[in-house]
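Nothing in this text is a laboratory measurement; each read-out follows from the coordinates by a stated rule. Treat the numbers as computed from the prediction; the structure is a model and nothing was measured. Cβ sites come from the backbone with ideal geometry, for glycine too, and all protein chains shown count toward neighbours.
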Amino acid sequence: MGFWHQAVDGHGVFTVVSGEAGVGKSHLVDVVRDGAQRQGGSIVTFQCSPHYGDSPLYPVIGCLERMAGLEASDPAREKRRKLDHLTERLAGTEPHAAPLFAALLSLPPDQCSDLPAMSPPLRKQRTLTALAALFIECCRSSPSLLLVEDAHWMDATTLAMMELLAGELEDLRLLVVVTTRPVWSLPVAGFAHAVTIPLRRLGQDDVLQLMEQVSDGRTFPNEVVKVVMSRSDGVPMFVEELTKAMLESDALVQHDDHFRLKGVIDDLIPATLADLLTSRLDALGEGKDVAQIGSVIGARFEEGLLRHLSEMEQASIALALARLVDADILAEENSAPMPLLRFHHALLRDAAYGSILKRRRKDLHGRIAALIEDKHPEISEKEPETLARHHEAAGNVLVASEYWLKAGRRAVGSGANV
Ligand SMILES: Nc1ncnc2c1ncn2[C@@H]1O[C@H](COP(=O)(O)OP(=O)(O)O)[C@@H](O)[C@H]1O
Ligand SMILES: [Mg+2]
């Protein structure tokens with residue numbers, strides 16, 4: 001939290017938390033977020049996504065929708081009113097912020113009609129400046145924490161916006177925390193003050209501590225600890241998953257404050273981590289089916305869409321979802337514009353997706369594309385790449401290519417670095 005205090009004092013800090021999947025980047029972010037929130041900081045989050053690395057400003061658009069409080073059900077006029085309200089304080093410096101944002105959010109042309117004609121590169125530049133101005137204004141009213149999750153999936157235009165912001169950092173009450181897998185190489189020139197915080201795997205003592213955290217303080221026999229240490233390699237996510245798998249199996253008998261082993265461990269836990277994740281899904285019965293369908297929709301998905309796709313009864317779906325949330329496989333997100341379910345970890349989604357038969361996967365992608373076109377026609381304008389991806393995976397090559405083309409044109413229109 002030292003960096004946070006430095007930021008509160010008016011010296012912005014840019015940090016990059018780097019480490020492999022499951023090593024605890026998001027966990028660290030949660031701790032920093034809680035601390036900043038308790039001290040009255042504003043929290044701004046950019047969540048990058050594996051499916052939207054080519055969609056210009058995707059994480060910023062989600063953030064803008066949340067900041068403005070846009071609901072999916074709001075009519076376009078209401079959305080524009082909320083954008084006007086959000087950008088009120090920018091009127092002096094960025095008079096076109098609201099129509100630029102309206103265009104970025106794909107509101108219909110009549111909601112951006114006060115936008116003067118400009119070339120695509122100029123529009124891109126103005127949009128980026130207006131966005132940076134909005135975030136800077138946010139830091140003026142209260143110290144702010146900008147969380148950029150999973151930057152290895154960040155698009156080039158968001159990166160350009162971040163560079164603008166980083167240029168102003170010196171005098172801002174802003175702490176930027178970027179998380180990324182090590183593959184992402186930070187364009188350091190733009191972020192001269194960036195502090196890199198590499199996260200490493202846990203040592204023995206920390207593994208032990210994490211295991212006891214999962215078991216509510218009960219201790220494990222040595223054999224169990226040894227197996228968890230060697231199989232997890234000290235990656236916290238796998239320490240957690242292996243410990244949960246142990247607790248859910250009948251291998252351990254509980255005695256007051258500790259567990260005793262009954263049976264042979266080797267037969268009780270799966271040999272590979274992929275198997276481990278799949279077996280946790282298997283243990284959930286109908287929950288597995290629901291998780292699988294969700295994984296085909298994406299890393300985060302709308303409950304309504306899932307309900308249309310599943311053959312299960314509505315009550316069973318609700319029960320399955322509750323179990324998945326309970327088991328920390330899914331998390332509920334009360335984010336605007338609509339409540340979503342999100343896989344607790346990318347690796348869990350991969351495991352669910354990987355456990356579906358290819359034919360069923362293909363069929364699901366096709367049905368999802370059709371449902372989105374039917375229920376959310378605005379997606380074909382707003383996120384053509386989503387439909388392109390589902391059609392492609394469904395084998396509808398021609399339709400997919402039309403959507404990819406549209407996504408490409410949109411990218412140029414809203415100023416991607418192409
Ligand atoms: N230091 C820690 N203490 C307790 N749990 C942790 C710690 N680090 C990670 N975890 C747990 O491990 C899992 C994966 O961590 P996460 O932060 O999501 O990884 P990453 O974002 O690096 O992929 C989560 O369930 C998280 O709660
Ligand atoms: Mg993470």
Problem - Coil-residue GluC sites (Glu not before Pro) of the stretch 95-202, DSSP, other Cβ within 10 Å capped at 15 - result: Glu168
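Tell me the relative contact order for the chain as a rounded percent, counting alpha carbon contacts under 8 Å between residues six or more apart. Don't jump to the answer; show the numbers that get you there.
Values: 606 pairs, mean separation 81.0, N = 418.
Across the chain, relative contact order equals 19 percent.
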Exercise for the section: Could you state the angle between the C-alpha long axis of helix 58-68 and the longest principal axis of the C-alpha atoms of the chain, as a value from 0 to 90 degrees rounded to the nearest 10? Expected result: 80
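Relative contact order, percent, of the stretch 204-269 when contacts are C-alpha pairs under 8 Å separated by at least 6 residues? If you can, show how the numbers build up before the last one.
Working: 67 pairs, mean separation 23.0, N = 66.
With pairs under 8 Å counted, the relative contact order is 35 percent.
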Completion exercise
A correct fewest-to-most ranking of Leu175, Leu276 by other Cβ atoms within 10 Å would be Leu276, Leu175
Practice task
Check the straight Cα-Cα distances from Lys375 and name the aspartates and glutamates below 15 Å, setting aside those fewer than 8 residues away within the same chain.
Solution key: Glu302, Glu303, Glu383
Exercise for the section: List every residue whose amide H lies under 5 Å from the amide H of Thr179, counting only residues 5 or more places away in sequence or on a different chain, with H placed 1.01 Å from N in the peptide plane. Expected result: Val17, Val148, Glu149, Asp150, Ala151
Handout entry: DSSP-loop GluC sites (Glu not before Pro) across the stretch 303-345, with at most 10 other Cβ within 10 angstrom
Key = Glu311, Glu313
Exercise for the section: Can you grab the distance from the C-alpha centre of the stretch 1-53 to the C-alpha centre of the stretch 126-178, Å, no decimals? Expected result: 12
Practice task
Quickly estimate the mean residue ellipticity at 222 nm for the chain, helices only: each DSSP H run with n ≥ 4 gives -39500 (n - 2.57), and the total goes over all residues, rounded to 500.
Solution key: -16500 deg cm²/dmol
Fill in the blank from the handout: In degrees rounded to 10, the 0-90 angle between helix 314-326 Cα long axis and the longest Cα principal axis of the chain is 80
Handout entry: Among beta bridges that DSSP assigns inside the chain, antiparallel share in %, nearest 5
Key = 35
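Apply the a/c threshold of 1.5 to the C-alpha gyration tensor of the stretch 9-198 and tell me whether it is rounded, prolate or oblate. Write down the numbers at each step before the final one.
On the way: a/c = 1.68, a/b = 1.55, b/c = 1.08.
Taking the square roots of the gyration eigenvalues as a ≥ b ≥ c, the stretch 9-198 is prolate.
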Practice task
Rounded to the nearest Å, what's the spacing between the alpha carbon centres of the stretch 195-223 and the stretch 353-397? Just the number, please.
Solution key: 40
Problem - Principal-axis tilt of helix 120-141 within the chain, Cα atoms, nearest 10 degrees - result: 70
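Which shape class, rounded, prolate or oblate, goes with the chain when its Cα gyration tensor gives a ≥ b ≥ c as root eigenvalues, a/c under 1.5 marks rounded, and past that a/b bigger than b/c marks prolate?
Values: a/c = 2.22, a/b = 1.38, b/c = 1.60.
Oblate, because a/c is 1.5 or more while a/b does not exceed b/c.
Restrict the search to the stretch 188-256; then list the trypsin sites (Lys or Arg not before Pro) that DSSP places in a loop and that have at most 16 other Cβ atoms within 10 Å of their Cβ. The partial results should precede the final answer.
Details: sites: Arg200, Arg201, Arg218, Lys226, Arg231, Lys244; in loops: Arg200, Arg201, Arg218.
Qualifying residues, ordered by number: Arg200, Arg218.
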